[in-house]
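Shown next, in structure tokens, is the structure this report addresses.
The values are calculated or read from the model by the stated rules, or taken from the named source; none is laboratory data. For clarity, every value in this text was computed on a predicted model and none was experimentally measured. A quick note on method: Cβ atoms are made from the backbone with ideal geometry, for glycine too, and the neighbour counts reach across all protein chains shown. Heavy atoms of the whole protein, side chains included, go into the accessibility calculation; ligands, DNA and RNA do not. Shrake-Rupley method; radii C 1.70, N 1.55, O 1.52, S 1.80 Å.
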Amino acid sequence: MTPKPHLSYSQIILFERSPEAYANAYILNQEKYTTPKMEFGKTFAEAFLKNTEDLEIEVAKYHFLPFQKQEFEVTAIIPHKPTQITFKAVYDGYTRKMAPIGERKTGSMVWNQKMVDKDFQLSVYAYVHWLRFKKLPKRITLEWLPVVVSDGEIKIVYEGAPFLFETTRTLVQCADTHKRIVRAYE
């Protein structure tokens, strides 16, 4: 049993990092840990749903790939005996017919292809897609827009389009993802 009616990537990552922080956030309903960079990332994600007052964000977001759906929520049932796990994923971008999943990142962590190819969040998204739609996504993209903190403010390191990485997942990777999700659930 989970404190929410579903399990999610963010719950798993928080639990793996700190069971105490997980309990504080999801069981005791204490405020979740955030940083200014995390808040910026949230504001940036919301800008794809509605315009913001931040001109820098408004200009930057038009350099990202277009998707039919923004913040596309997908719920899947993960088989697990004696019960089943309801899992919710939210893709930053999705176009159903072509089946690409898009993830957008802002931050100072430098992404590279090897990291993208092994990223657990993208593996979770592919696994949920496979469970829900009975096929693996044809294409998964991660777009990264670097930011820095300057004089206490977060600034976009703007040099044109964001860094774009493409990846895929296999059924073997989905099986490994399944094991990790079940381990966290248990």
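Listing for the model above:
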read-out: Which listed residue is aromatic (Phe, Trp, Tyr) and part of a helix (DSSP H, G or I), from Tyr125, Tyr91; value: Tyr125
read-out: Residues within region 78-112 that are surrounded by 12 or more Cβ atoms within 10 Å (Cβ to Cβ) and either farther than 25 Å from Ser150 by Cα or of a type in the set (D, E, K, R) (or both), tallied; value: 20
read-out: Some residue of region 48-55 being open to solvent by 60 Å² or more (accessible area, probe 1.4 Å), in a loop (DSSP other than H, G, I, E, B), in contact with a Pro (Cβ under 9 Å, 6 or more places away or on another chain) and without any contact (Cβ under 8 Å) to a residue 40 or more places away in the chain; value: no
read-out: Which numbered condition Glu73 fails, given (1) under 22 Å from Gly93 (Cα atoms); (2) assigned to a loop (DSSP other than H, G, I, E, B); (3) open to solvent by 90 Å² or more (accessible area, probe 1.4 Å); value: (2)
read-out: In region 154-186, the residues that are small (Gly, Ala, Ser), loosely packed, with under 14 Cβ neighbours inside 10 Å and in a helix (DSSP H, G or I); value: Ala175
read-out: Residues of region 1-34 classified as of a type outside the set (Gly, Ala, Ser) and in a helix (DSSP H, G or I), total; value: 14
read-out: Residue pairs meeting the criteria (Cβ under 6 Å; at least 6 apart or on separate chains; first farther than 25 Å from Thr177 by Cα, in region 13-38; second open to solvent by less than 80 Å² (accessible area, probe 1.4 Å) and among the hydroxyl-bearing types (Ser, Thr, Tyr)); value: none
read-out: Of the criteria (1) closer than 26 Å to His6 by Cβ; (2) open to solvent by less than 10 Å² (accessible area, probe 1.4 Å), which one Val147 fails; value: (1)
read-out: Failed criterion for Val128 (all others in (1) touching a residue at least 40 places away in the same chain (Cβ under 8 Å); (2) open to solvent by 70 Å² or more (accessible area, probe 1.4 Å) hold); value: (2)
read-out: Output for region 58-90, where each listed residue is among the aromatic types (Phe, Trp, Tyr) and touching a residue at least 24 places away in the same chain (Cβ under 8 Å); value: Phe64, Phe67, Phe87
read-out: Search result, residues across region 96-122 that are part of a helix (DSSP H, G or I) and either touching a residue at least 60 places away in the same chain (Cβ under 8 Å) or over 24 Å from Ala184 (Cα atoms) (or both); value: Gln113, Lys114, Phe120, Gln121
